[in-house]
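Take a look at the structure below.
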Amino acid sequence: MNTRQSPLSRQITNLSIVFALALIAAVGFLGWWAASRIDDRSIARQARAVQTGLADIAARIPVEQNSSAIWDDAVLNLRSGNAPWIEENLTVWMSDYFGHDEVYILDSANEVTHAAHDGAASDPAAYETVRDVITPLVTTLRDAMAVASADESDSTASVTGLGVEDIVALPGGEPAIISLRPIVPSSDAVQQSPGSEFVHVSIREINDKVAEEISKKYAIDGIGYSQFDAADGDKVASPILNNNGRIIGFFTWVPDEPAYALIRETAPALAVALAFSALAAALLLGRLRRTSAMLEHSRAEASYLAFHDALTGVPNRALFEDRLEQALAHMRRSGAMVALHYLDLDRFKHVNDTLGHPVGDELIKAVAQRLSACVSDVDTVARIGGDEFAIIQVGLADTSLALSLAQTVVEVIGAPFELSGHEIRVGASVGVVATSDAASTGEELMRQADIALYSAKGDGRGRYHLFVDQMDENVRDQRGLEMDLRSALANEEGLGLVYQPIYNTLSSTIVGAEALVRWDHPTRGRLSPATFIRLAEDRGLIDQLGTWVLTTACSFAAGTSLPWVAVNVSPLQFRDEHYADRVFEVLEQTGLPARRLELEITEGLLLQNSPLVQSTLNRLRARGIRVALDDFGTGYSSISYLRTYGVDKLKIDQSFTSAIGKDQEIQGIVRSIIELGRAMHMLVTAEGVETTEQQRILASMGCDQLQGYLLSKPVSADALTETLASNAASPPTANLQPASRFTA
Ligand code: C2E
Ligand code: MG
Ligand code: MG
């Protein structure tokens, strides 16, 4: 098969690949886009959670401070400087219990009175390190308290609930939530004059502990603090802002990206699925490609077969007709001559019948090869029928080139073929027509080539004939003759038989007579069988004519003392499987006994080697009808045929008889035929005896019977009857003279 990719399959492949890639790209992009969207949202949600977590912690600190800072005891103990109580309830306790990293108590002058650090009392001097960042907040709170408690003697009610919180960067850079609350009484039992309030300061550093708390609460892994934006690599960052919106630092964490996680998890499975899909697609594509290639191949093959002969591979009739039209178009343009050759193998049927169809096919192939080798590249060899070929020859300067190709064809096809161990000899008859006439049509040329072929075959085969206008006239002529013969047969008018007596060589008595058909044509006069038997065979009239001859001859013989009558039979009559029955019917009808009928067949009939011929001959002979082999020696029959078929008589052809006394070689052949006949228990008749020398020599050779002008020309039925009657009365005389209507 053609491995080159055909355009259709290539198109399908390319289209499929482009489509698949586009699909993969689209799905991939869509997947990536959706995953990004999902993950972006997830990150945004995490950032919100981180901020909320921080805000929660920041919001909790003042509430925790207020649990101790709004309390009568706190105010009283601060005023009295009860350090253990203060540590236990305001500083150390606050730091220890709520985890405030640093706790300071500021007096009304904003000086530290007590401090705690990491759950233990600490040196108030530590405040100095944070004073700068806390002082602005203290000022803000004191201002707010002053405003709230202006014109009041007791500030308790107006400052309770006030406070300041912010996120600041400590001197070390780390961020912290700072919350300031005034320490105020919880009841009217204690008075608090404006400006005298203590302030509780809690510092909660935003450190890993805070991060961990947020991590736990919102299930966000690995939150860390970074002073600078550390959204590098896998991490994302969320800024920590103070009240003024200034960035103090960043929370960073490796975000939870569910979509990417999902993709990562399912990636191996997806990859495997994709690989399988790709494999399946590739297989499918391959299959598709092969199918489409096959389809294309069979389409090409079908179109090749539509225009080429399957057996030989040469153009068939359809392509031939097309090429002929092209050749004629070219001729009209260029003025160069075109020739058309029709050829027909001469003995193809015989090869088929004797060696079988496979050998016949081989022969046809070999013929096509030889023909193709004879012509030039621009010419066309076509097979237009069983054993019929045509050649279109183009660009000819003159007719002689066409004739020389025809001659070559006759020669190359006439040369023996070596096929399946057989040496086969067939011949070719060729009809040629050549033209440079712009008005010529393909149809016309085909008709003319056919006529020329017919003419070549009629002229003895193994030759070529060039079409000449005369042939057209002959065809018309033959057509007219055919019509006439039809009406002659239909009306039984003009047809008649003459009888040529056949003599016993030794006694010169008439032993039988051969019926020979004559036709008195209304305008052409008397026609010999040579002019119309072939016509009757070609135009399907031979059965009718043959039956008429047989019936006429038998009914004549039945009414005379003629020992037997011989009737010529065309090989075509044997195609009728009921031929023997027809003969029997005629015998019955005319009352002629079978042994008084002799049928003359030709060697060609035996060569057909057909079971039908054999059975017909057997049936005829079984009835007692004799079979004579006419024109013996001119055909190809072999002794084996004679043995197979069984023949009663050989009739030596007149071409041999006429050579007797002149040609020693042929005379030798005649002698051999006579000896062969004797050896095979067949009678031998010599036809066409014209001289006494021939008669003498044939007699000396032991030929049984003689027939010829020397003894008698064909005579009319009446003349023969008369002769038979006079012969019965007196000794026989040779050279009967024609007596009535039907004479030779
Ligand atoms: P054939 O059967 O070989 O007949 C002998 C032919 O030789 C006859 O020619 C006859 O007139 C001719 N002939 C006889 N003696 C001589 C002679 O001494 N010298 C010469 N030169 N010729 C002689 P005819 O009648 O023209 O017939 C020609 C052929 O036509 C016959 O050859 C036979 O094959 C065929 N034919 C004749 N009648 C019929 C018929 O009724 N049916 C068929 N199928 N073929 C027939
Ligand atoms: Mg004959
Ligand atoms: Mg003959």
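Of note:
- The requirement of being out of contact with any Cys (no Cβ under 9 Å at 6 or more places or on another chain), in a helix (DSSP H, G or I) and closer than 21 Å to Gly172 by Cα is not satisfied by Ala261.
- Only a single item in (1) within 20 Å of Leu78 (Cβ to Cβ); (2) of a type in the set (Gly, Ala, Ser); (3) surrounded by 14 or more Cβ atoms within 10 Å (Cβ to Cβ) is not met by Ala144, and it is number (1).
- Residue within the range 455-474 that is over 49 Å from the mean Cα position of the chain (by Cα) and among the hydroxyl-bearing types (Ser, Thr, Tyr) present: no
- The range 630-668: number of residues that are touching a strand residue (DSSP E or B) at 6+ places or on another chain (Cβ under 6 Å) and closer than 25 Å to Lys713 by Cβ: 8
- Just one of the listed residues (Leu612, Leu605) is assigned by TED's automatic domain parsing to the domain that holds Val670, in a helix (DSSP H, G or I), more than 12 Å from ligand 1 (Cβ to nearest atom) and under 51 Å from the mean Cα position of the chain (by Cα), and it is Leu612.
- Restricted to the range 563-585, and to residues there that are among the aliphatic types (A, V, I, L, M) and surrounded by fewer than 21 Cβ atoms within 10 Å (Cβ to Cβ), the residue that is nearest to the chain's Cα centre (by Cα) is Leu572.
- Of all residues in the range 309-325 being touching a helix residue (DSSP H, G or I) at 6+ places or on another chain (Cβ under 7 Å) and surrounded by 16 or more Cβ atoms within 10 Å (Cβ to Cβ), the one that is farthest from Arg383 (Cα to Cα): Leu324
- Per-region count, the range 99-117, residues within 26 Å of Asn242 (Cβ to Cβ) and in contact with a strand residue (DSSP E or B) (Cβ under 8 Å, 6 or more places away or on another chain): 13
- Some residue of the range 289-299 being without any contact (Cβ under 8 Å) to a residue 60 or more places away in the chain, closer than 30 Å to Ser372 by Cα and within 18 Å of the chain's Cα centre (by Cα): yes
- Scanning the range 590-602 for residues that are within 16 Å of ligand 3 (Cβ to nearest atom) and not acidic (Asp, Glu) yields Leu599, Ile601, Thr602.
- When restricted to residues that are within 16 Å of ligand 3 (Cβ to nearest atom) and closer than 17 Å to Leu497 by Cβ, the range 562-589 contains 6.
- Test: residue in the range 717-739 that is of a type outside the set (Val, Ile, Thr), at pLDDT 95 or above, part of a loop (DSSP other than H, G, I, E, B) and under 30 Å from Leu676 (Cα atoms): no
- So Val133, is it surrounded by fewer than 19 Cβ atoms within 10 Å (Cβ to Cβ), within 22 Å of Asn242 (Cα to Cα) and over 60 Å from the mean Cα position of the chain (by Cα): yes
- Residue count for the range 476-527, restricted to those that are under 29 Å from Gln694 (Cα atoms) and part of a helix (DSSP H, G or I): 0
- Count of residues meeting criterion [of a type outside the set (Asp, Glu) and in contact (Cβ under 8 Å) with a residue 60 or more places away in the chain] in the range 508-524: 8
- So Arg678, is it surrounded by fewer than 22 Cβ atoms within 10 Å (Cβ to Cβ), within 16 Å of ligand 2 (Cβ to nearest atom) and either in the same structural domain as His350 (by TED's automatic domain parsing) or among the basic types (Lys, Arg) (or both): no
- Against the numbered list (1) closer than 26 Å to Ala513 by Cβ; (2) more than 13 Å from ligand 2 (Cβ to nearest atom); (3) crowded, with 19+ Cβ neighbours inside 10 Å, Leu607 comes up short only at (1).
- Per the listing Ile214, Ile167, the residue uniquely part of a helix (DSSP H, G or I), in contact (Cβ under 8 Å) with a residue 60 or more places away in the chain and crowded, with 18+ Cβ neighbours inside 10 Å is Ile214.
- Only listed residue being within 13 Å of ligand 2 (Cβ to nearest atom) and under 15 Å from Thr721 (Cα atoms), chosen from Ile510, Ile502, Ile533: Ile502
- Residue within the range 378-401 that is in contact with a helix residue (DSSP H, G or I) (Cβ under 6 Å, 6 or more places away or on another chain), exposed (fewer than 15 other Cβ atoms within 10 Å of the Cβ) and not aliphatic (A, V, I, L, M) present: no
- Restricting the range 637-660 to residues that are assigned to a helix (DSSP H, G or I) and among the hydrophobic types (A, V, I, L, M, F, W, C) leaves a set whose member that is nearest to ligand 1 (Cβ to nearest atom) is Phe656.
- Residue satisfying all of: in the range 482-506; out of contact with any Gly (no Cβ under 6 Å at 6 or more places or on another chain) and without any contact (Cβ under 8 Å) to a residue 40 or more places away in the chain; nearest to ligand 1 (Cβ to nearest atom) among these: Gly494
- Within the range 558-581, the set of residues being part of a helix (DSSP H, G or I) and within 14 Å of ligand 1 (Cβ to nearest atom) comprises Pro571, Leu572, Gln573, Phe574, Arg575, Tyr579.
- Single condition Arg131 does not satisfy, out of (1) within 17 Å of Ile105 (Cβ to Cβ); (2) assigned to a strand (DSSP E or B): (2)
- Residue within the range 452-465 that is part of a strand (DSSP E or B) and surrounded by 13 or more Cβ atoms within 10 Å (Cβ to Cβ) present: yes
- With respect to (1) within 25 Å of Ala622 (Cα to Cα); (2) within 16 Å of ligand 1 (Cβ to nearest atom); (3) in a helix (DSSP H, G or I), the lone exception for Val670 is condition (1).
- Strands (runs of 3 or more DSSP E) lying entirely in the range 350-440 (those with 1 or more residues that are among the basic types (Lys, Arg)): 380-383
- Among the candidates Glu588, Glu577, the residue that is more than 24 Å from Leu485 (Cα to Cα), out of contact with any helix residue (DSSP H, G or I) (no Cβ under 9 Å at 6 or more places or on another chain) and either at pLDDT below 95 or away from ligand 2 (no atom under 16 Å from the Cβ) (or both) is uniquely Glu588.
- Against the conditions (1) over 30 Å from Gly460 (Cα atoms); (2) out of contact with any Gly (no Cβ under 8 Å at 6 or more places or on another chain); (3) of a type outside the set (S, T, N, Q); (4) more than 16 Å from ligand 2 (Cβ to nearest atom), Val613 satisfies every one except (1).
- Filter pass, Glu257 being surrounded by 13 or more Cβ atoms within 10 Å (Cβ to Cβ), of a type outside the set (S, T, N, Q) and closer than 30 Å to Ser9 by Cα: no
The values are calculated or read from the model by the stated rules, or taken from the named source; none is laboratory data. All values reported here derive from a predicted model rather than from experimental measurement. No Cβ is skipped: glycine too gets one built from the backbone with ideal geometry, and neighbour counts run over all protein chains shown.
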